[in-house]
Amino acid sequence: MRRLRKTKVFFLFCACLTCVVSVLYGEYLVYYLNSTKWLPVSCKNQQECVRILFVADPQIIGNWNEVFHPITPFSIYDSDRYLKKTFKYAQAFVKPDVIAFLGDLMDEAHIASDEDFYSYIRRIFNIFLDGSDLSKNVKVINKMLPHVLFTAHEHKSMIIKTDALLRQDFHITPVTPENTKIFQFTLGSTDMYEIMVPTCSYRMGTTKIGFGYAAIERNELKFTILWSPSRFEVLAVYLFLFIFFTLAAFCIKCCPKI
């Protein structure tokens, strides 16, 4: 009997230790370790260098359209917290002169009541201020002949190099965690670059999420992606531990001799 009691105490100790370690890793350490993989962008003259942090398609979760509505409060809390943490790490890494928001900021603005809409606005400010369809803008492009465009909305990242006069795309480079590097471009030629920034939200149906980071110094542009850690992997670990320890506790209670 005494040996059985020791076994149960040891099991309880291991369960608590595993949960504590998992939470510490999933809620804190994973963000720091992930940020050590980011590539720093250097400038020759800091006074002439403009650093830009791009936040694309956060699409914060609304109050009504979650597939499984009972978990909406948890979904909102977890998604907002993830966005806030990854943004803070990206902001601390870049130390941006400019923060540009691209794409959709919220998910249900078009159907929101006034009360819901202002609650979404407050959440956006809490996440990012604590501490488009390109085809519609082609008249503008023809008149301005820009050297670089930063776009979003597609929830993925790629770089499209186009001849600004012929208007024909002739080189597309997908940007993924596997081929991430510091891309360098010289602005001022007849080439135009469209740089698509991926979504920063893990709720957008893709595992390749992060923030865009650009540095412009005179006519030189450097760009990279600060990829964010997978949240679904952490949540899957939490779910596994919950199921495992629930079943183990049930077996111990129902079979006291085990």
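The values are calculated or read from the model by the stated rules, or taken from the named source; none is laboratory data. Since this is a predicted model, take the numbers as computed values, not measurements. Ideal geometry is used to build each Cβ from the backbone, glycine not excepted, and the neighbour counts take in all protein chains shown.
Scanning the stretch 67-83 for residues that are hydrophobic (A, V, I, L, M, F, W, C) and over 22 Å from Ile121 (Cβ atoms) gives Val67, Phe68, Ile71. Residue under question is Ile52, and the condition is that it be aliphatic (A, V, I, L, M), in the same structural domain as Phe128 (by TED's automatic domain parsing) and either surrounded by fewer than 11 Cβ atoms within 10 Å (Cβ to Cβ) or within 20 Å of Met204 (Cβ to Cβ) (or both); does it hold? Taking the combined requirement at face value, the residue does not satisfy it. If you go through the stretch 214-230 and pick out every residue that is out of contact with any Phe, Trp or Tyr (no Cβ under 7 Å at 6 or more places or on another chain) and of a type in the set (Phe, Trp, Tyr), you end up with 1. Scanning the stretch 91-121 for residues that are at pLDDT 90 or above, of a type in the set (D, E, K, R) and under 23 Å from the mean Cα position of the chain (by Cα) yields a total of 2.
Got at least one residue in the stretch 34-43 being outside any loop (DSSP other than H, G, I, E, B) and within 24 Å of Ala90 (Cα to Cα)? Within the stretch 34-43 (the criterion being outside any loop (DSSP other than H, G, I, E, B) and within 24 Å of Ala90 (Cα to Cα)), the answer is yes, since at least one residue qualifies. Return yes when Ala15 is among the small types (Gly, Ala, Ser) and in the same structural domain as Tyr82 (by TED's automatic domain parsing) and no when it is not. Answer is no for this residue. Total residues in the stretch 180-208 satisfying the condition of being surrounded by fewer than 18 Cβ atoms within 10 Å (Cβ to Cβ), under 21 Å from Ser75 (Cα atoms) and not polar (S, T, N, Q): the figure is 1.
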